[in-house]
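The block underneath contains the structure these notes are about, expressed in structure tokens.
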Amino acid sequence: MTTLQNKKMVIIGGGSGIARQLANDAESAGAQVISVGRPELDLADEATIAALAARVGELDYLVTLAADPANGPVTALDRDAVHRAFDAKVIGPLLLAKHFADRFRPGGAMLLFSGVVAWRPAPGRTVMAAANAAASTLAAAGRPAGPDQPVPDRHHPARRRGRPLGVKTGALRRE
């Protein structure tokens with residue numbers, strides 16, 4: 001298991017649930033954690049992503065849990081809400097990879113979070129399922145920044161609904 005002592009970890013996407021548990025445990029293990037969410041970072045705005053990368057500098061781990069669900073029947077979907085959902089799960093993480101790629105220290109990694117809805121779509125969750133499936137595919141696609149870049153790191157998904165404690169345990173385990 002990788003030690004987090006003296007590692008810098010940036011966590012994107014909220015201060016509750018999995019993100020909060022992950023941040024607390026990483027700090028307890030000796031990591032310097034920078035938690036970032038709205039309004040400081042807008043994953044639909046490349047300028048805020050570039051500014052965050054410049055402010056953070058070098059890092060070891062970048063974790064993105066951001067989500068902006070666009071739920072409801074397809075006949076009632078709002079185009080802007082659909083775009084925000086994909087910005088949070090797909091386009092934003094690609095831009096994070098773009099702007100952070102050269103900032104990872106040796107052994108660093110990027111972790112993308114998907115959700116069980118990607119494999120078990122439910123009525124009213126069409127956009128959420130598609131965005132999460134796209135995020136999973138993005139992680140599986142390997143290293144969009146180039147073969148020598150350390151992002152993103154792929155963890156095998158649980159393919160089941162997780163609780164914050166179990167999910168963060170899996171996120172902190174790197175072998």
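Its Cα gyration tensor gives region 1-73 an equivalent ellipsoid, and the semi-axes of that ellipsoid, as √(5λ) in whole Å with the largest first, are 23, 17, 9. For region 96-126, the residues whose amide N sits under 16 Å from a probe point set 7 Å from the Cα of T75 along the beta carbon direction are 123-126. For region 1-93, the set of GluC sites (Glu not before Pro) satisfying both a DSSP loop assignment and a count of at most 16 other C-beta atoms within 10 Å is given as E40, E58. Applied to region 61-70, the Karplus parametrisation 6.51 cos²θ - 1.76 cosθ + 1.60 on θ = phi - 60° returns per-residue 3J(HN,Hα) values of 9, 10, 10, 10, 10, 4, 8, 8, x, 10 Hz, with x for Gly and Pro.
Every number in this text was worked out from the coordinates using simple rules, so none of it is lab data. For clarity, every value in this text was computed on a predicted model and none was experimentally measured. With ideal geometry, Cβ positions are generated from the backbone for all residues, glycine too; neighbour counts draw on all protein chains shown.
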